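These notes are about the structure you will find just below.
Computed from the coordinates by the stated procedures, all read-outs in this text should not be read as laboratory data. Note that this is a predicted model, so its numbers are computed, not measured. Backbone-built Cβ (ideal geometry, glycine too); neighbour counts: all protein chains shown.
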Amino acid sequence: EYGKNNAADSRDTNNPYDFKGVEAKPPPSSYNNRNVISRQKQTAMGTAMRLGTGAQRLGTAMKSAKGAGFKSKEKFDPLEGKGPAQALEKNKDKSEEENFKELEVEVHTLLEQSAEAKIKKNFTDALAKAKEAANKEKKIRQIRESTGNLDQVNIDLTFYVFYNLANMYHANQMYQEALNSYTIIVKNKQYPQASRLRVNMGNIYFEQKKYPLAIKMYNMAWDSAMPQNKEMRMEIKKNIGLCYLKLGAYGRAIETYEDIMNDTADFSVAFNLIVCIYALGDATKMKSWFERMLMIDLPGSEEEETEEILALQNKNKDEDAPDIKDPLKEYLKEKKKEAVKYITNAAKLIAPVIEEEVVQGYDWVVEMLRTANLQEVESEIEIAKAVYFIKNKDIEKAIELFKSFEKKDKIMMARAANNISFLYFLENDFSNAEKFSDMAIQNDRYNSKALVNKGNCLFTDEEYDKAKEFFLEAIGVEADCVEAIYNLGLVYKTLGYYNEALQAFEKLHSIVPNSEEVIYQLGHINELIGLRRQALKWYLILITKVPTDSEILSKMGFLYQLEGDEYQALHYYQESYRYNPSKIDTLSWLAIHHVKQENYEKAIELFNKATLIEPKEVKWKLMVASCYRRMNLFQQALEHYEAVHDTNPENIEC
């Protein structure tokens with residue numbers, strides 16, 4: 001019960017929080033604990049912000065009622081202490097289609113490896129990989145067939161596997177296996193475009209020289225090729241024409257090549273056509289088609305003209321501009337070079353036969369080339385004309401023609417001077433030969449043949465050291481210049497530098513392994529050094545190439561004699577005598593051998609032959625008399641001695 005408030009009248013009745021007139025304490029409540037509760041709230045909120053989980057925030061909210069006498073429950077755990085869930089297990093079982101895809105990837109990998117091996121010219125490995133790919137692809141088809149999914153077979157992969165296998169068989173020259181693989185593809189109706197592979201089959205028959213079968217395949221490929229694919233059809237026709245040419249069916253070949261020329265003119269086709277006409281000997285047609293050949297545009301001619309105009313326009317602007325390599329320009333240069341080669345060969349072929357007089361034929365060809373503005377080919381034909389004069393021993397005309405090149409460009413002048421130098425060298429006019437070799441070098445210092453000619457002139461003058469320098473310079477210009485290497489070896493051999501000579505000839509032997517001259521030099525130098533066994537090894541190689549060379553056989557007999565092998569020496573001397581019975585050294589050795597063996601009859605026969613070969617040589621007649629004396633035929637011996645004494649009374653031995 002509250003006491004009476006005397007100051008009740010002074011209360012502000014409009015203000016509910018005016019307790020001026022209240023003397024008794026109010027009942028207990030949480031109002032006075034407001035600050036404490038507030039601090040507890042702040043602490044709990046701070047904890048919730050740090051921890052940040054839903055469960056902790058819920059716990060904080062419960063703690064906020066602690067001041068009101070409530071108790072918070074335990075921390076809320078929605079996972080009930082079980083911890084995080086385990087990772088999902090991967091599906092261990094693959095589907096059937098995934099397995100097929102993996103196998104197909106393996107096949108693709110093998111095919112790529114096979115192709116890479118072929119590019120590296122490793123044909124055996126390429127074929128092995130192709131076979132492995134084919135086996136795996138076959139396994140895929142068999143599994144699909146067993147599971148009833150044959151319609152899902154990758155027919156493109158099958159095509160590529162068989163095509164690659166056929167290609168690798170072809171590369172390994174296993175022609176029948178390659179044809180079998182191509183046949184499988186061609187006969188499969190699922191591949192309508194596969195008929196073009198008959199070109200490959202035709203190529204195989206061509207390599208086997210089965211030209212009728214090759215023609216059949218090419219014709220089938222040509223029939224199946226679409227008319228829009230004009231370029232491919234022309235290439236197939238070229239192959240057909242070449243087969244007719246190989247068969248000697250020149251009329252059919254001419255028809256084929258004329259069809260191509262009337263459709264798409266080509267230098268290689270024009271050349272083959274002229275060859276066929278040349279075989280038939282039709283001079284008029286040769287002239288006609290050669291003129292037609294000269295009318296074909298040279299590859300890259302327009303581009304060269306444009307480039308020259310631009311070069312003139314930008315002459316002052318781009319003087320220091322770097323020369324940028326243009327692959328297309330290089331390609332056109334190569335094609336032009338190839339075209340010029342066809343024209344040159346055709347001109348050299350027909351020039352001697354198109355007119356009754358050979359010189360007139362050359363003159364007609366030169367005139368045509370001059371009209372076509374082909375100066376390079378024109379010079380080539382003039383050189384060929386000079387060579388014709390040389391073959392006919394008309395040296396003066398050849399030299400006169402070569403001298404006409406003095407007014408032409410330096411390269412052609414160098415070639416002409418080089419030829420003149422060689423002609424004078426053959427005529428043993430070494431001073432003029434050296435003069436023109438100097439002129440050739442002056443016009444073209446990098447002409448290896450001119451340097452060789454100069455070295456030869458110095459060699460004949462016995463200036464071996466100077467000759468050696470020119471031969472070395474020629475090798476520096478052209479590393480595989482066989483003339484320079486051979487002559488350098490001769491210089492070293494002449495100077496007595498046998499080791500250096502051996503090195504030169506061994507290098508040359510690696511370049512031209514079948515050269516009898518090089519093999520002989522290797523054997524002879526080893527003989528000079530005293531390495532008889534090594535010399536015999538080279539001579540044995542040499543007689544497999546020239547088995548009738550009596551000089552080498554005699555040398556081998558001599559070396560075996562020095563080695564103490566009398567049996568082999570006798571064999572090779574007899575072989576030498578069989579091929580050249582007039583070789584006096586061989587006759588002498590064999591006769592003396594028979595004397596040692598006391599086979600005097602045979603020795604007398606050989607000594608009599610030696611007397612016929614060298615009738616003025618007394619010793620052979622004395623040897624005959626000696627043989628009679630050894631046989632105790634003293635009367636015959638005395639008669640021979642008397643005959644020798646009558647002709648040579650001063651001979652003391654007689």
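Based on the Cβ-Cβ distance from Glu639 to Val353, what FRET efficiency comes out when R0 is 60 Å, to the nearest 0.05?
0.30
Which loop-located GluC sites (Glu not before Pro) does segment 540-591 contain, where loop means any DSSP state but H, G, I, E or B and the Cβ has at most 13 other Cβ atoms within 10 Å?
Of the GluC sites (Glu not before Pro), the ones in loops of segment 540-591 whose Cβ has at most 13 other Cβ atoms within 10 Å are Glu563.
To the nearest 0.05, what FRET efficiency results for Glu258 and Ala279 with a Förster distance of 22 Å applied to their C-beta separation?
E(calc), rounded to 0.05, equals 0.90.
If you plug each phi of segment 625-639 into the Karplus form 6.51 cos²θ - 1.76 cosθ + 1.60 with θ = phi - 60°, what whole-Hz ³J(HN,Hα) values come out, in order, with x for Gly and Pro?
4, 5, 5, 5, 5, 5, 7, 6, 8, 5, 5, 5, 5, 5, 4
Above 24 angstrom, tally the Cα pairs of segment 97-263 and express them as a % of all pairs, no decimals.
Cα-Cα pairs in segment 97-263 separated by more than 24 Å: 46 percent.
Assuming a ≥ b ≥ c are the square roots of the Cα gyration tensor eigenvalues, decide whether segment 589-654 counts as rounded (a/c under 1.5), prolate (otherwise, with a/b larger than b/c) or oblate. Each step should come with its number before you reach the end.
Numbers: a/c = 2.19, a/b = 1.31, b/c = 1.66.
Verdict is oblate for segment 589-654.
With an 8 Å Cα cut-off and a minimum separation of 6 or more residues, compute the relative contact order for segment 97-263 in percent.
Relative contact order of segment 97-263: 12 percent.
Quick check: pseudo-label points 7 Å beyond the Cα along Cα→Cβ at Ile592 and Lys537, how many nm apart are they?
Result for the modelled spin labels: 3.0 nm.
Quick one: of Lys237/Lys287; Lys348/Lys391; Lys120/Lys238; Lys468/Lys493; Lys210/Lys238, which pairs are farther than 20 Å apart, Cα to Cα?
Lys237/Lys287; Lys120/Lys238
At a 10 angstrom cut-off on C-beta neighbours, averaged per residue, how do the peptides 535-543, 607-615 rank from highest to lowest? Please report the intermediate quantities before stating the final value.
Numbers: 535-543: 18.9, 607-615: 15.2.
Final packing ranking: 535-543, 607-615.
Quick check: Cα centre of segment 138-200 to Cα centre of segment 430-481, how many Å?
61 Å
Stretched out fully, how many nm does the piece from Lys138 to Asn99 gain, at 0.36 nm a residue minus the Cα gap?
In short, 12.6 nm is gained.
Residue-wise, which Karplus ³J(HN,Hα) couplings in Hz belong to segment 108-115, taking 6.51 cos²θ - 1.76 cosθ + 1.60, θ = phi - 60°, and x for glycine or proline?
4, 4, 5, 5, 5, 5, 4, 5
Compute the length gained on full extension between Thr548 and Leu612: take 0.36 nm times their separation in residues and subtract their Cα-Cα distance, giving the result in nm to one decimal. Walk me through the intermediate numbers first.
Numbers: separation 64, 0.36 × 64 = 23.04 nm, distance 2.35 nm.
Length gained between Thr548 and Leu612: 20.7 nm.
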